[in-house]
Amino acid sequence: MSVYSHGFARLAAAVPQVALADPRQNASRTIELIRRAHRESVAVVAFPELGLCGYSVDDLVQQDALLDEVDAALAAVVAATVDLMPVVAVGAPLRVDDALYNCAVLIHGGRILGVTPKSYLPNYREFYEQRFFAAARDAVRDTVVVGGQRVPFGTDLIFEADDVPGLRVHAEVCEDGWVAIPPSTWASLAGATVLLNLSGSPVTVGKQAYRRSLVTGHSARCIAAQLYVSAGFGESTTDLAWDGDALIAENGTLLARSAGFSMEPQLIVGDVDLDRLRQERARMISLRDQVGDFADRARSFRRVSFTVGIPETTDGLRRAVPRFPFVPTGAADRDERCREVLDIQVQGLVARLRSTGIDKIVIGVSGGLDSTLALLVAVQAFDAMGLPRTNIHAYTMPGFATGGATLARSHVLMDSLGVTGNELDIRPSCMQMLADLKHPFADGEPVYDVTFENVQAGERTSHLFRLANHLGGIVLGTGDLSELALGWCTYGVGDQMSHYNVNGSVPKTLIQHLIRWKITTARYGPDTIATLQEILDDVISPELVPADADGNIQSTEDHVGPYELHDFFLYHLTRFGYRPSKIAYLAQQAWSDRDHGAWSEMMTDDERNEYDAATIDKWLTVFLKRFMSNQFKRTAMPNGPKIGSGGSLSPRGDWRSPSDAPSSAWLRELHPE
């Protein structure tokens with residue numbers, strides 16, 4: 001299987017050891033790295049600025065002997081690419097008419113595709129390029145003869161693959177990427193998706209961090225991939241140092257980076273998601289508006305086509321695929337995310353209470369994950385407002401299948417947090433309704449059907465709403481994003497309906513991390529902390545059906561599948577609109593036994609689960625069917641704050657969908673006939 005068949009393009013940045021003022025040796029080292037990139041199925045590989053002679057040759061760059069050698073070196077590189085896959089971008093000084101230009105030369109399949117001269121020549125501090133070079137704007141022609149070929153010349157070139165949809169490459173040189181409006185900005189508005197920056201860039205203190213912010217920020221603003229590569233070991237150290245920094249970024253995310261100050265040649269590789277870029281650009285109307293504002297300039301770009309010749313198979317995906325896309329991998333980022341999510345939830349609840357003039361809430365507490373998080377949010381909100389926690393009226397409402405452990409946990413939580421805790425047994429009212437319905441359970445038969453389950457769920461909700469009327473409060477919802485996506489909630493009851501729901505756009509996997517984070521950061525007493533840990537460790541269950549003869553309780557995940565997979569499916573379907581087959585492929589990459597980097601040390605035993613292709617296919621099929629068939633529940637969901645860029649399913653915000661659309665198109669794509 002090839003990564004290219006799932007909308008990815010493999011990019012590489014090459015940092016050879018520079019042979020200063022020795023183009024022949026540089027050509028040999030460049031060709032060696034190009035061949036390595038070919039073996040790794042790379043579509044585009046970029047080399048440093050002036051890499052065929054060295055950036056720090058200074059006045060030697062004006063010597064005809066050196067420039068003749070550069071021409072010969074360039075011809076050698078071109079000839080070497082005849083049977084190789086990558087489009088190659090090398091840096092070279094080229095004589096055009098009576099001027100010398102600092103150029104990026106794009107090569108593929110034994111021919112030069114085009115030449116992009118540098119637009120902005122730095123002439124400050126350690127730089128004095130205007131001493132040597134002409135700027136792109138000084139050119140009087142848009143084609144030049146290089147190596148006996150007449151090729152396009154200019155900053156208006158986009159190199160477009162005809163066999164890799166969405167792979168459109170633009171090149172610029174070093175300083176061009178550091179100015180207020182880089183040439184690649186205009187190229188991205190004209191459709192370029194991969195932005196190359198061939199750089200010299202000597203290193204100084206703080207520059208590595210600045211480069212990272214520059215590259216990731218530019219890729220985000222342009223909704224593009226950016227490949228940046230600078231000169232490394234071998235450059236002159238007369239007055240400067242060189243770290244060979246190379247980065248590959250995609251829409252604000254750093255995919256790969258070289259090892260700084262390496263004395264050995266490096267090739268960093270990353271797989272860029274062209275589908276993601278296309279989806280993001282299609283959704284961002286403001287980007288299209290800007291294209292319209294500068295339509296004449298966008299239309300002026302010239303397209304140069306090429307054929308990559310993609311392989312039928314490649315090795316595994318060269319990028320991290322997080323198992324938990326709603327939860328950051330790094331510890332510091334995860335702490336910041338948890339703090340931010342809770343701040344959003346708390347502020348949302350505070351704003352709703354203040355706007356209504358209500359100072360009481362009613363909440364059902366089950367001893368499970370969702371109601372626990374909602375209760376913790378309510379406590380934090382009331383503390384922030386200076387209201388007594390006793391204004392939080394919490395009710396645990398045991399039914400026919402409520403376990404002793406969850407009931408006990410509910411009481412410990414309510415008591416230890418200082419809210420007004422109550423126990424309300426719903427079984428008598430449920431029995432009355434079951435009898436009115438002439439349900440077999442009312443006559444003693446163990447019939448545990450959907451009516452039996454929903455009578456209990458409905459009774460709990462009915463009591464909560466009437467208690468809110470009685471106490472002058474609002475009902476705080478507890479249902480989460482994952483349940484809404486799967487439709488694992490009863491229409492019109494507490495996990496779907498409330499006066500306000502702080503959990504409505506928080507997925508189950510994130511709820512688990514939020515509670516873990518609360519355990520380690522909040523100043524709770526030992527009883528609260530111990531109870532929160534028990535809740536995390538327990539099986540996720542609605543507790544509506546009694547345990548079986550072996551004592552096994554009703555398990556949500558046994559019925560609908562693992563939430564960790566469903567949250568993965570949900571994120572990639574709604575955030576990026578991916579095809580189901582691509583989601584399955586990404587899930588296989590994420591949930592295989594491959595190295596998970598920073599996640600490996602943070603995973604609990606449960607999070608170390610692995611799922612094979614058949615299991616992923618099974619639960620993705622379930623997800624697609626349930627997601628599409630339960631839109632009617634989401635159409636009627638209550639207000640609640642949007643939490644993250646992963647989205648909300650509110651019909652007033654991120655997700656607007658007809659309630660009667662079938663899942664057939666998605667299922668056929670996953671299982672083509």
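In plain terms, the residue of Thr420, Thr396 with the fewest other Cβ atoms within 10 Å comes first and the most crowded comes last, giving Thr420, Thr396. About its Cα centre, segment 3-306 has a charge dipole of approximately 860 debye under the convention of +1 per Lys or Arg Cβ and -1 per Asp or Glu Cβ, with nothing else charged. Starting from the amide H of Val506, placed 1.01 Å from N in the peptide plane, find each other amide H under 5 Å away whose residue is 5 or more places distant or on another chain. Answer set, sorted by chain and number: Leu481. Modelled spin labels at Asp289 and Leu20, positioned 7 Å past Cα toward Cβ, are 5.2 nm from each other.
Sorting Leu434, Leu106, Leu649 from the fewest to the most surrounding beta carbons within 10 angstrom yields Leu434, Leu649, Leu106. Annotation: the antiparallel percentage among DSSP beta bridges lying fully within segment 3-306 is about 60.
How high is the relative contact order of segment 3-306? Use alpha-carbon pairs under 8 Å, at least six apart in sequence, and give a whole percent. Walk me through the intermediate numbers first.
Working: 728 pairs, mean separation 63.1, N = 304.
This gives 21 percent for segment 3-306.
Over the chain, dividing the summed -39,500 (n - 2.57) contributions of all DSSP H runs of at least 4 residues by the number of residues returns a 222 nm mean residue ellipticity of -12500 deg cm²/dmol. For the pair Phe632 and Asp315, the difference between a 0.36 nm per residue extended length and the Cα-Cα distance amounts to 109.9 nm. Selection among Thr237, Gln130, Asn26 by position relative to the dipole of the chain gives Gln130 as farthest towards the positive end (Cβ unit charges, Cα centre).
Of all DSSP-defined beta bridges confined to the chain, some 50% are antiparallel rather than parallel. Phi angles of segment 173-183 translate, via the Karplus equation with coefficients 6.51, -1.76, 1.60 and θ = phi - 60°, into HN-Hα couplings of 10, 6, 4, 4, x, 9, 7, 4, 10, x, x Hz per residue; Gly and Pro are given as x.
Sparsely packed loop sites in segment 465-508 (the chymotrypsin sites (Phe, Trp or Tyr not before Pro) outside DSSP H, G, I, E and B with at most 15 other Cβ atoms within 10 Å) comprise Tyr491.
Dividing the convex hull volume of the alpha carbon atoms of segment 3-306 by its residue count gives 117 Å³ per residue.
Each Lys and Arg Cβ is given +1 and each Asp and Glu Cβ -1; about its Cα centre, the chain then shows a dipole of about 1700 debye.
If you plug the beta carbon distance of Arg212 and Asn552 into 1/(1 + (r/R0)^6) with R0 = 45 Å, you get a FRET efficiency near 0.35.
Potential lengthening of the chain between Ala351 and Asp612 amounts to 89.4 nm, from the contour at 0.36 nm per residue minus the alpha-carbon distance. The modelled label-to-label distance for the pair Trp178/Val304, using points 7 Å beyond Cα in the direction of Cβ, is 2.6 nm.
Rounded to the nearest 20, the size of the Cβ-charge dipole of segment 291-416 about its Cα centre is 380 debye, with Lys and Arg at +1 and Asp and Glu at -1. Using the Karplus relation 6.51 cos²θ - 1.76 cosθ + 1.60 with θ = phi - 60°, the per-residue 3J(HN,Hα) values for segment 292-301 come to x, 5, 10, 4, 4, 5, 4, 6, 6, 5 Hz, with x marking Gly and Pro. Enclosing the Cα atoms of the chain in their convex hull gives a volume equal to 179 cubic angstrom per residue.
Per-residue Cβ neighbour counts within 10 Å put Arg579, Arg634 in the sequence Arg579, Arg634, beginning with the fewest. Sequence-ordered 3J(HN,Hα) estimates for segment 440-445 from the Karplus curve with 6.51, -1.76 and 1.60 and θ = phi - 60° stand at x, 4, 5, 9, x, 8 Hz, glycine and proline given as x.
Between the amide H of Leu84 and those of Gly109, distances stay under 5 Å, these residues lying 5 or more places away or on another chain, with hydrogens modeled in the peptide plane. Were the residues from Arg35 through Arg297 laid out at 0.36 nm apart, the gain over their Cα-Cα distance would be 90.7 nm. Put simply, the amide H of Ala256, placed in the peptide plane, has neighbours under 5 Å in Ile248, leaving out anything fewer than 5 places away on its chain.
All of the numbers you see were taken from the coordinates with simple rules; none came from a lab. The structure displayed is predicted, hence computed values, not measured ones. Note: ideal-geometry Cβ built from the backbone for every residue, glycine included; neighbour counts use all protein chains shown.
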